[in-house]
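Here the structure comes first, spelled out in structure tokens, and everything after it is commentary.
The values are calculated or read from the model by the stated rules, or taken from the named source; none is laboratory data. In this text, all values refer to a predicted model and were calculated from it rather than measured experimentally. No Cβ is skipped: glycine too gets one built from the backbone with ideal geometry, and neighbour counts run over all protein chains shown.
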Amino acid sequence: MRTTDPRPPHPRPEGHPPRPAAGVTERREGARPPGERQAEGGAGARVGAGGRARARVGWLAAAAAVLLLGLAAPARVPAAAAAPLGGALYTALLYTLLMAAAPRLGPRTAAGTALAASWAVELFQAGGLPADLGAHSRLSRLVLGTTFDPSDLLGYALGALAALTARQAARRTARRLRERAAGTGKRREREGEWRQRRGERRAGG
């Protein structure tokens, strides 16, 4: 048998709005105007775009340096080392250009792609067409080469490995510098708090 409470419900004081359901308050507090969310998203996008632009500039500068080195260095080393060195610098140049085009590309992916492209160009030389093109164009000789040489395949692999190693070393160095800067900032913050507490103690004494 169901019973009813004869007492009337507790009247709500005038001027007090009804209490929202559970979870509504949290959603309201967490909600922000769409304009504010869009502004924050736009700022993050600008920061990301700026970082990618700086990365592209850095990789293009690296590509220019590798290109100049590739044009000058092989002529200043013994003939036995000129071909492997030229091949290594060719793959390193492809690596820097790939990273300039796609800064988010993984280091191993970029190295593998540059190596595969270098090997493909070298195998293409076995057909003889690059030699015919190179007889009439210096640009073709620089980009495609002229004569197939199996020793160049090793040079390309060494270039990909060198580029990957240099990239990883640069990332580790940058990480150490960031950690050192962060540690310096925290130490200065602790020193500032310690000086503040000491000044408060002196003022209180």
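For the range 65-91, a residue qualifies if it is without any contact (Cβ under 8 Å) to a residue 12 or more places away in the chain, within 18 Å of VAL121 (Cβ to Cβ) and more than 30 Å from the chain's Cα centre (by Cα), and exactly one does: ALA82. In the range 92-111, the count of residues that are part of a helix (DSSP H, G or I), among the small types (Gly, Ala, Ser) and in contact (Cβ under 8 Å) with a residue 60 or more places away in the chain is one or more. In the range 92-142, the residue that is modelled with the lowest pLDDT out of those that are of a type in the set (Lys, Arg), over 17 Å from ALA157 (Cα atoms) and loosely packed, with under 14 Cβ neighbours inside 10 Å is ARG138.
Restricting attention to the range 127-144, does a residue exist that is over 29 Å from ALA79 (Cα atoms) and free of Cβ contacts under 8 Å to residues at least 40 places away in the same chain?
No: the range 127-144 contains no residue that is over 29 Å from ALA79 (Cα atoms) and free of Cβ contacts under 8 Å to residues at least 40 places away in the same chain.
Can you find a residue in the range 170-185 that is under 18 Å from VAL66 (Cβ atoms), modelled with pLDDT of 75 or more and not charged (D, E, K, R)? Yes, because at least one residue in the range 170-185 is under 18 Å from VAL66 (Cβ atoms), modelled with pLDDT of 75 or more and not charged (D, E, K, R).
Here PRO74 fulfils each of the conditions (1) at pLDDT 85 or above; (2) crowded, with 17+ Cβ neighbours inside 10 Å apart from (1).
For the range 156-185, filtering for residues that are surrounded by 12 or more Cβ atoms within 10 Å (Cβ to Cβ) and of a type in the set (Ser, Thr, Tyr) leaves 2.
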